[in-house]
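Sharing a structure below in structure tokens format, with a few things to ask.
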Amino acid sequence: MTSALMPTYARQPVGFSRGEGVWLYDTQGRRYLDTTAGIAVCGLGHANPVVAEAIAEQARTLVHTSNLYEIPLQEELGAALREVSGMELCFFGNSGAEANEAAIKLARMFAHKHKNIAEPAIIVMENSFHGRTLATLSATGNKKVQDGFGPLVQGFVRVPHDDIAAIEKAAAENPNIVAILVEPIQGESGVRMPKDGFGYLETLRAICDKNDWLLMLDEIQTGNGRTGKYFAYQHTKILPDVVSTAKGLGNGFPIGACLVRGKASDLFGPGNHGTTYGGTPLGCRAALTTIQELQKGPIANAAVMGERIMQGFRDKLGDLGVTVEGAGLMIGVVLPRNCTELVARARDEGVLLIVSADNRIRLLPPLIITAEEADLIVEKISALVRAFLAETVAA
Ligand SMILES: Cc1ncc(COP(=O)(O)O)c(C=O)c1O
């Protein structure tokens, strides 16, 4: 029988029936070491028992009411996020793209409400990824994501990633700019760390302050402990004005959030924004439990295991011209040539991995990974890379 699904994904020929921690089991019972965590989603590992129990209990109690009414669990989750982020207010949606849509709408409202700018523009980066809705794909710096969907949403000014001079030039040329939207580490394009590390964010903060712009961080992939701090900006002393997050927030339960503070906190009022499923009791319970569990050790573990994995790859593959970048458990292993075929080879060896931008192995394992599992990732992937590079040199 042919599939009833729209072919929007080039799916690999494997499907999973259960998971446990860092491991997935396919429908034949074969086990795989999962270095993807559902693309930076399951920070607490697959089928985390505490989150599973919280979801089950909440499902038996109350799944959904409506934002027509007070939602005590949404208040609790907002307070927990305020506590971990240093931000002031939250809006809840169901995905990363939705969280970024809120950020984009906030920037426009900021322009109209506070700056008297009729046609506001937001600075976005080359190679960025912000989602697949019309506004977020327009913000995304990847032609493949945009092709076929014109006319794109207007109001974005694109500059090269990690290029402060280009931002300053745009500031001088365009009085309509009101915000910068940026990933602290670019994720989908293969874990691209700015050359100044997180110092980049401090420079962006200073530029935004100087120009009275909003600094809007897309922490959909870098947030929720992934880089070894709850949010990536916490590697610095700065606070952004707007933060979007999703992915790891519910450990697989779909929920996203847009957080604001300071001059971004008085922009939305009743009727400005909303979504039926945003912040349901069930979603909030899943996220609240995830935030609590992440803080009991997995975030600190991500920092330690990330260093261990990065050093492991440098030791094992440095001589082959392979470089490593990232922070915590958001790691890019950059090969000197296209290595997309490693995905299938690794899968045959029982390892799930992602290759982005042709030559960047992107590792995003669960944050609860043990030292033995971290070493196994380094050992198995290094062996594959060494064999692959030897073969392709010979070829
Ligand atoms: C940095 C970033 N922003 C936005 C998104 C979009 O999130 P979602 O797929 O939940 O809409 C992603 C997803 O990969 C992402 O990595």
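Report P(r) for the chain: all Cα-Cα distances, bin width 20 Å, range 0 to the bin holding the largest distance, values in whole percent.
Bins of 20 Å from zero give 28, 58, 14, 0 percent of pairs.
In whole Hz, with x marking every Gly and Pro, tabulate ³J(HN,Hα) for segment 348-360 from phi via Karplus 6.51 cos²θ - 1.76 cosθ + 1.60, θ = phi - 60°.
So the J values, rounded to whole Hz, are 4, 8, x, 10, 9, 9, 10, 10, 10, 6, 6, 10, 10.
Note down the nm distance, to one decimal, between modelled labels 7 Å out along Cα→Cβ at Gln311 and at Asn338.
3.6 nm
Residues with amide H under 5 Å of Phe156's amide H, sequence separation 5 or more or different chain, H placed in the peptide plane at 1.01 Å from N; which?
Amide H neighbours of Phe156, under 5 Å, 5+ apart: Ile122.
Moving on. How high is the relative contact order of the chain, in percent, counting Cα pairs under 8 Å that sit 6 or more residues apart?
Taking the mean separation of contacting Cα pairs over the length of the chain, I get 22 percent.
Moving on. If eta is 0.890 mPa s and T is 25 °C, what Stokes-Einstein diffusion coefficient results for segment 16-58, Kirkwood Rh from Cα pairs, in µm²/s?
226 µm²/s
While we're here: Ranked highest first by average number of other Cβ atoms within 10 Å, how do 324-330, 376-382 line up?
324-330, 376-382
List, in order, the whole-Hz ³J(HN,Hα) value for each residue of segment 29-40 obtained from phi through the Karplus relation with A = 6.51, B = -1.76, C = 1.60 and θ = phi - 60°; use x for Gly and Pro.
x, 7, 9, 10, 7, 9, 8, 10, 6, x, 6, 6
Quick one: what are the phi-derived ³J(HN,Hα) couplings along segment 174-189, Karplus 6.51/-1.76/1.60 with θ = phi - 60°, whole Hz, x for glycine and proline?
Each residue of segment 174-189 in turn: 10, x, 8, 5, 10, 6, 10, 10, 8, 8, x, 10, 5, x, 4, 7 Hz.
Can I ask one more? Separation of segment 335-395 and segment 265-298 by C-alpha centroid, Å?
After rounding, the separation between the Cα centres reads 35 Å.
Val324's amide H: which non-local residues (gap 5+, or another chain) put their own amide H closer than 5 Å, with H modeled 1.01 Å from N in plane and none for Pro or chain starts?
Under 5 Å from the amide H of Val324 lie the amide H atoms of Val334, each far enough along the sequence or on another chain.
Tell me the net charge near Ala357. Cut-off is 10 Å between Cβ atoms, Ala357 excluded, with +1 for each Lys or Arg and -1 for each Asp or Glu.
The answer is +1.
Another question about this same structure. Of the options Tyr69, Met109, Thr289, report the single residue whose Cα projects farthest towards the positive end of the charge dipole of segment 49-294 (beta-carbon charges: Lys, Arg +1; Asp, Glu -1).
Farthest towards the positive pole: Met109.
While we're on this one: Figure the gain on full extension for Tyr69 and Leu152 (residue separation times 0.36 nm, minus the Cα-Cα span) and round it to one decimal in nm.
Between Tyr69 and Leu152, full extension yields 26.3 nm more.
For the pair Leu89 and His112, what calculated FRET efficiency results from E = 1/(1 + (r/R0)^6), where r is the Cβ-Cβ distance and R0 = 30 Å, to the nearest 0.05?
Approximately 0.95, to the nearest 0.05.
Determine the percent antiparallel among the DSSP beta bridges restricted to segment 49-294, to the nearest 5.
Just about 40 percent of them are antiparallel.
Using per-residue counts of other Cβ atoms within 10 Å, averaged over each peptide, order 17-23, 171-177 from highest down.
The packing order, highest mean first, is 17-23, 171-177.
Quick one: which residues, 5+ away or cross-chain, put their amide H under 5 Å from the amide H of Asn359? H built at 1.01 Å from N.
Correct list: Cys339.
Where does each of Asp218, Asp147 land when they are ranked from fewest to most other beta-carbon atoms within 10 angstrom?
Fewest to most other Cβ atoms nearby, the residues stand as Asp147, Asp218.
At 0.36 nm per residue, minus the direct Cα-Cα distance, what do Glu76 and Tyr277 gain on full extension? Give it in nm, one decimal, please.
70.7 nm
Points 7 angstrom from Cα along the Cβ direction at Lys169 and Ala10: gap in nanometres?
About 3.3 nm, to one decimal.
Give me the dipole magnitude in Debye, nearest 20, for segment 49-294 about the Cα centre, with unit charges on the beta carbon: positive for Lys and Arg, negative for Asp and Glu.
So the magnitude is around 240 debye.
If you don't mind, there's one more thing I want to ask. Just add up the charged neighbours of Ala206: K/R +1, D/E -1, any other residue whose Cβ is under 14 Å from the Cβ of Ala206.
-3
Using 0.36 nm per residue, how much length does the chain from Lys143 to Thr370 gain when fully extended, once their Cα-Cα distance is taken away?
Full extension of this stretch gives 77.9 nm more.
What order, most packed first, do the peptides 57-67, 94-104, 187-197, 346-356 have when packing is the mean number of other Cβ atoms within 10 Å of each residue?
94-104, 187-197, 346-356, 57-67
Every number here is computed from the coordinates shown, using simple stated rules; none is lab data. Here the structure is a predicted model, which means the values were calculated and not measured. Note that we place each Cβ from the backbone using ideal geometry, even for glycine, and neighbour counts take in every protein chain shown.
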